[in-house]
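Trainee: Below is a structure I'd like to ask you about.
Values quoted throughout were computed directly from the atomic coordinates according to the rules given, and no laboratory measurement underlies them. These numbers come from a predicted model, not from an experiment. All Cβ positions, even for glycine, are placed from backbone atoms using ideal geometry, and neighbour counts span all protein chains on display.
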Amino acid sequence: MKMVKKTLFAAVSAACILFTVNAEDMPAGKSAPFAREQVTAQPYNITVGVGSTITEARFNWISGSFTTPVVQLAETKQVKKNMFPKGTAFTGISVPVTATEGVQDNINNEEIATGECACKVTVENLVPDTVYSYRVGNGTTWSSIYTFKTGNERSISFAVFGDPQMGASGDLEHDRAGWTKTLKAVLKDHKDVNFLFSLGDQVNNYDSLAKQQSEYETFMNPDPEHNYIQEHQLAVLEGNHDHQMGKYYSFHYNLPNVSDLGQTSNNKILNNDGDYWFTYGSVLFIILEGNNFYDTAAHEQALKDAVDANKNAKWKIAAFHQAPYSEANHSAANAPDDDVLFMRQNWTKLMDEYNVDVVFNGHDHYYTRTWQMFGGMPVDTTKTESVTNPKGTVYFTLDSGTGSKYYKYNTSADHSFSAAGWQNNVPTYSYVTVTKSQFKITTYETYSDTVIDTYTINKK
């Protein structure tokens, strides 16, 4: 099947610029923004993101080269001795990277040009259920060659993680080790995983660009012996820590169907984020920008647009960072302007209105599964691990995928919504399989692979 490129924006520069920037060249009074001593044309922070459908892949990487970015991609069986066939090069755009340190702490902070370039290439018309090889670069300087496998329409599987939040423990190497163990556990026991799904706060520090750069590199490349992120498609959403560096989050991913709806701004500068959607097999995933939690009307429109564009989807899964239902609410959830309370009173109505089957949240670093919820109330509080044709929506708040930070049970809040809760200060992950007639999720401890909770929804 022939593959074609898809360019979303005008190319920033057609000229090849290869340069290095040293920390001592930064203006006086500003900390050097670079996690590396130099920025070169060598690609790093490489991701192969989910596309609009299983036949699309969206590549993103960072480098110091502003020339037109190139992905060489072909079915692995066609790549001989690391040589790609003719006609398998696809181009995209390069965008200068900027960030705003501590933007919510000091509104007078200015955007910093980091000297880096975000490279974005989208390839369409991939063959389902097929192993592909690829490398990224500028036509002269290339990454290593990686492989990934496309999904299929019959069934999908993915691993989903609560806040990796690299650096939150105060020891980046500790967080790296936890993330490595989690990814290793997932891919050892679930080799069929189609994509990885992180529910926000991939990074932690927003008052230091250098720290956040190191955290992004650790999130995307935790283990030098394995290319976990580069060899599986990746879905992400924006957490509050990702968000607080201005536009910086948007340069690290190449997301499909991103809308202006739900977009945030800092210092009156738009952050190039917003609600987006993608399909994978029979599932419509709708990703809402939780940092813009008051603009319910915008999110409702985004939901409507996504649902209208995918009327044949058998399942609807929504995801956003902040959790309306958690046993360890970020706050007491009783202040009039509390984001958790606001979402519980308003966002859950949207899930009811658009018949969303499942919601995934992070933010609270404590595993919680609700009953089937409708109208803000449990539909049925009978203890069960399996339901058939249920009414309402089930909400999952996931614990830390790395062990960088945990929260405790909130003893002062109402937990009548909760069917299952767990906190043992151990990294966790959830493994999900979906067919046209069944959604099944199993949540594990990383270290022991002990099952924490399992839940199945059957549709007849």
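Trainee: Below 8 Å between Cα atoms, with a sequence gap of 6+, how large is the relative contact order for the chain in percent?
Mentor: Numbers: 1228 pairs, mean separation 69.0, N = 460.
It rounds to 15 percent for the chain.
Trainee: Given Cβ point charges of +1 (Lys, Arg) and -1 (Asp, Glu) and nothing else, what value in debye, to the nearest 20, does the dipole of the range 156-221 about its Cα centre take?
Mentor: Details: 6 positive and 10 negative charges, 62 e Å.
My answer is approximately 300 debye.
Trainee: Grab the other residues whose beta carbon is less than 13 angstrom from that of TYR146, score K and R as +1, D and E as -1, and report the net.
Mentor: Working: positive: ARG135, LYS149; negative: GLU231.
Once positives and negatives cancel, what remains is +1.
Trainee: Count the net charge of all other residues whose Cβ sits under 15 Å from the Cβ of GLY281, scoring Lys and Arg as +1 and Asp and Glu as -1. Show your work: numbers first, answer last.
Mentor: On the way: positive: LYS149, ARG154, LYS314, LYS316, LYS436, LYS440, LYS459; negative: GLU56, ASP129, GLU153, ASP192, ASP357.
Here the count lands on +2.
Trainee: Using a Cα-Cα cut-off of under 19 Å, which lysines could be cross-linked to LYS211, ignoring same-chain neighbours fewer than 8 residues away?
Mentor: Counting by Cα, and skipping residues close in sequence, LYS211 has these lysines nearby: LYS30, LYS247, LYS405.
Trainee: State, as an integer percentage, the relative contact order of the range 202-351 based on alpha-carbon contacts under 8 Å between residues 6 or more apart. Let's see the in-between values first.
Mentor: Working: 203 pairs, mean separation 25.5, N = 150.
Averaging sequence separation for qualifying contacts and normalising by length gives 17 percent for the range 202-351.
Trainee: Pull up the DSSP beta bridges for the range 322-460 and report the antiparallel fraction as a percent, rounded to 5.
Mentor: Values: 23 of 30 bridges.
If I count the DSSP bridges inside the range 322-460, around 75 percent turn out antiparallel.
Trainee: List the trypsin sites (Lys or Arg not before Pro) within the range 179-256 that DSSP assigns to loop and that have no more than 14 neighbouring Cβ atoms inside 10 Å. Present the calculation step by step, with values, prior to reporting the outcome.
Mentor: Details: sites: LYS181, LYS184, LYS188, LYS191, LYS211, LYS247; in loops: LYS191.
When the trypsin sites (Lys or Arg not before Pro) of the range 179-256 are filtered for loop state and at most 14 Cβ neighbours within 10 Å, LYS191 remain.
Trainee: Can you give me the long-range amide H partners of ALA420? Hydrogens built in the peptide plane at 1.01 Å from N, cutoff under 5 Å, separation of 5 or more residues or another chain.
Mentor: The answer is ARG369.
Trainee: Also: By a straight-distance test (C-alpha under 16 Å), which aspartates and glutamates pair with LYS459 as possible cross-link partners, with residues fewer than eight away in the same chain excluded?
Mentor: ASP357, GLU385
Trainee: To continue, here is another question. Given contacts defined as C-alpha pairs under 8 Å and at least six residues apart, what's the relative contact order of the range 53-129, whole-number percent?
Mentor: On the way: 131 pairs, mean separation 34.8, N = 77.
Over the range 53-129, the number comes to 45 percent.
Trainee: Considering only C-alpha atoms, what is the centroid distance from the range 287-319 to the range 183-220, in Å?
Mentor: Spelled out, the Cα-based centre of one part sits 24 Å from the other.
Trainee: If you wrap a convex hull around the C-alpha atoms of the chain and split its volume per residue, what is the figure in Å³?
Mentor: Details: hull volume 65.1 nm³, N = 460.
Expressed per residue, the convex hull around the Cα atoms of the chain is 141 Å³.
Trainee: Rounded to the nearest 500, what is the 222 nm mean residue ellipticity of the chain from helices alone, with -39500 (n - 2.57) per DSSP H run of 4+ residues and division by all residues?
Mentor: Working: 5 runs with 63 residues, N = 460.
Calculated from helices alone, the mean residue ellipticity at 222 nm is -4500 deg cm²/dmol.
Trainee: Of all DSSP beta bridges in the chain, what percent run antiparallel (nearest 5)? Please report the intermediate quantities before stating the final value.
Mentor: Details: 71 of 97 bridges.
Once the DSSP bridges in the chain are tallied, antiparallel ones form about 75 percent.
Trainee: Helix by helix through the chain, keep the DSSP H runs that span 24 Å or more along the axis on Cα and average at least -1.0 on Kyte-Doolittle, and give those back in order. Don't skip to the answer; put the middle values down first.
Mentor: Numbers: long enough: 172-189 (26 Å, -0.74).
Answer set is 172-189.
Trainee: Taking K and R as +1 and D and E as -1, what net charge do the other residues with C-beta under 15 Å from the C-beta of LYS383 add up to? Display every interim value, and only then the final one.
Mentor: Values: positive: ARG369; negative: ASP380, GLU385, ASP453.
Cβ neighbours under 15 Å give a net charge of -2.
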